[in-house]
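Worksheet: the structure to be examined is printed underneath.
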Amino acid sequence: MIYKNYPMVSRVVFGRGSFNQLDEILSPKRNGRNAPFIFYVDDVFKGNHWLTSRIILSYKDKIIYVPTKEEPKTSQIDQLVEDIILEYSELPSGIIGIGGGIVMDIAKAVSLMLTNKGESKDYQGWDLIKHPALYHVGIPTISGTGAEVSRTTILTGPERKLGINSDHTPFDQVILDPELTKDVPKDQWFYTGMDCFVHCIESLKGTYLNAFSQSYGEKAYELCKKVFLEDTLSEKEAQDKLMMASWHGGMSIAYSQVGVAHAMSYGLSYLLGIKHGIGNCIVFDHLEDYYPEGVAQFKQMKVKHNIKLPQGICRDLEDYQFDKMIDVALSLEPLWENALGKNWKTLATRQKLLALYKKM
Ligand code: NAD
Ligand code: ZN
């Protein structure tokens, strides 16, 4: 047995208002006047001076607003990398991602692709990256994905939706400032928060579980229950706790794996462009055979927060489309093995997946 030597985020700041320390944190990392810091910022913050006025630009530094209607594509990453190469005479001093999972993943991917030749689609998979990334910083503005701690950046390529998983992917620095999440709309708060809840359930109920994952998973699970099922927290406490739940949930799956909801949600995302958080919710809602207790709690949370999930999204699909979604879902073998054990192929049959997709 070979145990994974897991890379972690090198530095992390936590605290309300810690975003104000950004300039102080970045300054020592500047490589000169011609090596800018590039800030990718979720375009929801365009014109939001409360946030953007605190990003201090010097020399050739630049803010690039990123639309987040769609999840990142490999072609988009390649374009962003080319834009930087064409605009500047030197490599940037660092890449900073300020936003949700989409923007953080973009920052990770661009920082990797600035130092690794070729197209990003060629690095989708495990440990294909050869050179360390540029210095990169993640600043979440919504909590749940765990992208701030993970060793992957999830991209949709021409052939598949798959992460660039590597030891160079994790951020060098993360700033956890829960105040940045204060204006997240309710539905999105729920969907992205449930990503974390599903990470906990899939890791805690998986066959890959070990004491490392369990210790993080149990903590994240407990925090999620406090945030989504109890009424004891103030708004600020809930923001703080959900940010830490996301972190712990990410750490939990780092040393194990996700499961059925994620595998099937990737199918929805690939075919229909359904985003990660809401896709997980749509799938998880039907997984009582696999995760009875977790699904019952999820349904309680849905009611408590008055969340109405889309229904009938697969209603008009053709057979070949169901086939494609099933192909994508079943190709994620480690997820199924984690969920169902070594004999997963006899349990997760195409008919079973088809029946589940037809309910969604
Ligand atoms: P997101 O990045 O899609 O953001 C969701 C929405 O919330 C967007 O409309 C955004 O504009 C808005 N938003 C974000 N912060 C806000 C704020 N403070 N105020 C108001 N609105 C705000 O959502 P997400 O769920 O965080 O991320 C999903 C993405 O993360 C997917 O692309 C998924 O593949 C990826 N992901 C990555 C990992 C990883 O480990 N790398 C893990 C899980 C998911
Ligand atoms: Zn997830």
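The values are calculated or read from the model by the stated rules, or taken from the named source; none is laboratory data. Computed from a predicted structure; not experimentally measured. Backbone-built Cβ (ideal geometry, glycine too); neighbour counts: all protein chains shown. Just so you know, the surface numbers come from the protein's heavy atoms only, side chains and all, with ligands and any DNA or RNA stripped out. Shrake-Rupley method; radii C 1.70, N 1.55, O 1.52, S 1.80 Å.
I'd like to know if the stretch 117-136 contains one or more residues that are of a type in the set (Lys, Arg), open to solvent by less than 10 Å² (accessible area, probe 1.4 Å) and either more than 8 Å from ligand 1 (Cβ to nearest atom) or modelled with pLDDT of 95 or more (or both). Before the answer, list the steps.
Start the filter on the stretch 117-136 by keeping residues that are of a type in the set (Lys, Arg), which leaves 117, 121, 130.
Okay, now just the ones that are also open to solvent by less than 10 Å² (accessible area, probe 1.4 Å), so none.
Among the residues of the stretch 117-136, not one is of a type in the set (Lys, Arg), open to solvent by less than 10 Å² (accessible area, probe 1.4 Å) and either more than 8 Å from ligand 1 (Cβ to nearest atom) or modelled with pLDDT of 95 or more (or both), which makes the answer no.
Among the residues of the stretch 137-146, which ones are within 10 Å of ligand 1 (Cβ to nearest atom) and either out of contact with any strand residue (DSSP E or B) (no Cβ under 7 Å at 6 or more places or on another chain) or outside any loop (DSSP other than H, G, I, E, B) (or both)? Steps first, please.
First pass over the stretch 137-146, keeping only residues within 10 Å of ligand 1 (Cβ to nearest atom): 138, 140-146.
Listed by number, the residues that qualify are 138, 140, 142, 143, 144, 145, 146.
Quick one: residue 116 ticks every box in (1) touching a residue at least 24 places away in the same chain (Cβ under 8 Å); (2) in contact with a helix residue (DSSP H, G or I) (Cβ under 7 Å, 6 or more places away or on another chain) bar one, so which box is it?
Result: residue 116 fails condition (1) only.
Being under 28 Å from residue 157 (Cα atoms), among the polar types (S, T, N, Q) and either within 14 Å of ligand 1 (Cβ to nearest atom) or touching a helix residue (DSSP H, G or I) at 6+ places or on another chain (Cβ under 9 Å) (or both) narrows it down to one of 256, 213, so name that one. Give the derivation first.
Details: 213 fails: under 28 Å from residue 157 (Cα atoms).
Only one candidate passes the filter, namely 256.
Hey, can you tell me all the residues within the stretch 193-210 that are open to solvent by less than 10 Å² (accessible area, probe 1.4 Å) and aromatic (Phe, Trp, Tyr)?
The one that is open to solvent by less than 10 Å² (accessible area, probe 1.4 Å) and aromatic (Phe, Trp, Tyr): 197.
Quick test for you: out of 143, 213, 166, pick the one residue that is surrounded by 19 or more Cβ atoms within 10 Å (Cβ to Cβ) and within 13 Å of ligand 2 (Cβ to nearest atom). Even if it seems obvious, please write down each step before you answer.
Numbers: 213 fails: within 13 Å of ligand 2 (Cβ to nearest atom); 166 fails: within 13 Å of ligand 2 (Cβ to nearest atom).
The conditions single out 143.
Only one residue in 304, 324, 299, 358 is touching a residue at least 12 places away in the same chain (Cβ under 8 Å), open to solvent by 60 Å² or more (accessible area, probe 1.4 Å) and closer than 18 Å to residue 160 by Cβ, so which one is that?
On the way: 304 fails: closer than 18 Å to residue 160 by Cβ; 299 fails: closer than 18 Å to residue 160 by Cβ; 358 fails: closer than 18 Å to residue 160 by Cβ.
From the options 304, 324, 299, 358, the qualifying one is 324.
Any idea which of 85, 63, 96 is open to solvent by 10 Å² or more (accessible area, probe 1.4 Å), among the β-branched types (Val, Ile, Thr) and in contact with a Phe, Trp or Tyr (Cβ under 8 Å, 6 or more places away or on another chain)?
Among 85, 63, 96, only 63 is open to solvent by 10 Å² or more (accessible area, probe 1.4 Å), among the β-branched types (Val, Ile, Thr) and in contact with a Phe, Trp or Tyr (Cβ under 8 Å, 6 or more places away or on another chain).
When you scan the stretch 251-269, how many residues do you find that are near ligand 2 (Cβ under 9 Å from one of its atoms) and either surrounded by fewer than 24 Cβ atoms within 10 Å (Cβ to Cβ) or touching a residue at least 40 places away in the same chain (Cβ under 8 Å) (or both)? Even if it seems obvious, please write down each step before you answer.
Initially, the stretch 251-269 is screened for residues near ligand 2 (Cβ under 9 Å from one of its atoms), giving 253, 258, 261-262, 265.
Checking the rest, the ones that are also either surrounded by fewer than 24 Cβ atoms within 10 Å (Cβ to Cβ) or touching a residue at least 40 places away in the same chain (Cβ under 8 Å) (or both) come to 253, 258, 261-262.
Going through the stretch 251-269 one residue at a time, the tally reaches 4.
Working only within the stretch 309-328, note down all residues that are at pLDDT 95 or above and within 21 Å of residue 256 (Cα to Cα).
If the condition is that a residue be at pLDDT 95 or above and within 21 Å of residue 256 (Cα to Cα), then no residue fits.
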